[in-house]
Amino acid sequence: MSLLSLSQMGFNAFFQQQLSLEQLESYTLARISAQHRAHIELMTELHTNLKMSVTSLMVDLTVGDWILINQQGLFEQRLDRQSLFARKSAGSKVDLQLIAANINTVFIVCSLDDNFNLNRIERYLALAYEANVEPVVVLTKADCCHEVDKYRGQVQSLDPMLMVEAVNALDTSSIEPLKAWCATGKTVAFIGSSGVGKSTLVNTLLDDNSQLTAASREDDNRGRHTTTSRSLHLMPTGGLLLDTPGMRELQLVDCEQGISDTFSEITALANQCRFANCQHHSEPGCAVNVAIEEGDLESRRLDNYEKLLKEQARNSATLAQKRSKDKNLGRFYKSVIKESKQRKNK
């Protein structure tokens, strides 16, 4: 990647107002361009690939973060984030995993084959809205589908204002509409399950083959993981592109507002129900059930809304318990250390 100015890297007034003149003169601004297990890669106005080891003394960092480094090249401070993607860690591990920070637009990629799933798209939309990032749904493999308008209409029905684009990821002219979100100083991210063509789309937008691609498995049409780390790439349009590993197990946490925004018509109808605590099942005067009966609301949509609400509530409660446990454990350790020092001084 060639050297970029701060504004080309995405630095704007939101970050500028957090810094004093003294900080600007004493420290170097850097943006995290890649994240690995033991180190991160940074880009500054003077370096394109500055490596920094990750230590336990650092705050949680992720790709896209802006940080200050001192004259010795050491971490000093992380700037407040303009946006943040996070999820519950995959598997049984109880922890919050940061995905990316300071993203302007997220391309939610879904292919027009057996992978097409409205429930999954709604899940990604909730994540995007919670992160305060503009979502754009990108339907790939349009060249292999004979009912593109049908599928596009199904996605558009989720929200009339939602941006939806159907593309052939291998065709540069087909992806031309996506470049409107890829201007200089803007950062876009990709989310979507494996096998939907994210890496192919990345390659076409970058106009090279920097991302590995792999065909979907023939037996179940599920893709192979071809991206293993998160990293920023400069696009010919001047914007920065962040690719993330395929996320099959995207569990929501602390995402109630994002879900509410994704299913805004349901939350609006719920306010019209006779009872404030209406569960939208068999209660009298339920405006949500009336909308379903009259064909104004899909029962599938209500089912997914309730499913995602329960999931995020369960994950949030579990994470809150872990945070409380960690906090109490930290207090215990401090008390033991304090008592030990007092004994030594006697």
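Observations, loosely collected:
- Each Cα pair under 8 Å and six or more residues apart adds its sequence gap; the mean of these over the residue count of segment 13-78 is a relative contact order of 30 percent.
- Ordering of 153-162, 42-51 by burial proxy (mean other Cβ atoms within 10 Å per residue, highest first): 42-51, 153-162
- Evaluating 6.51 cos²θ - 1.76 cosθ + 1.60 at θ = phi - 60° for every residue in segment 136-142, the Karplus couplings come out as 10, 7, 10, 9, 8, 6, 5 Hz, glycine and proline recorded as x.
- Of the peptides 57-63, 146-152, the ranking by mean beta-carbon count within 10 Å, highest at the top, reads 57-63, 146-152.
- Gain on full extension, evaluated as 0.36 nm per residue between Q272 and L21 minus their Cα-Cα distance, stands at 85.1 nm.
- Building the convex hull from the alpha-carbon atoms of segment 13-78 and averaging its projection over directions returns 4.5 nm².
- Peptide ranges 266-277, 125-136 listed from the most packed, as the mean C-beta count within 10 angstrom indicates: 125-136, 266-277
- Long-range amide H partners of V54 with built H, under 5 Å: H39, I40
- Reduced Cα scattering model of segment 256-325, Debye log10 I(q)/I(0), q = 0.14, 0.26 Å⁻¹: -0.48, -1.18
- The length gained by stretching the chain between S157 and T48 to full extension, at 0.36 nm per residue less their Cα-Cα distance, is 35.0 nm.
- ³J(HN,Hα), Karplus 6.51/-1.76/1.60, whole Hz, each residue of segment 171-183, x for Gly, Pro: 9, 4, 6, 5, 8, 3, x, 5, 5, 5, 9, 10, 6
- Applying 1/(1 + (r/R0)^6) with R0 = 45 Å to the Cβ-Cβ distance of V290 and S7 gives a FRET efficiency near 0.30.
- Put simply, the amide H of A189, placed in the peptide plane, has neighbours under 5 Å in T105, V106, F107, L242, leaving out anything fewer than 5 places away on its chain.
- Legend: P(r) of segment 150-206 from all alpha carbon pair distances, 10 Å bins from 0, whole percents, reading 19, 50, 30, 1.
- Maximal additional length on extending the S282-H36 stretch stands at 83.5 nm, based on 0.36 nm per residue less the C-alpha distance.
Coordinate-derived values only; no laboratory data. Remember, predicted model here, so these are calculated numbers, not experimental data. A quick note on method: Cβ atoms are made from the backbone with ideal geometry, for glycine too, and the neighbour counts reach across all protein chains shown.
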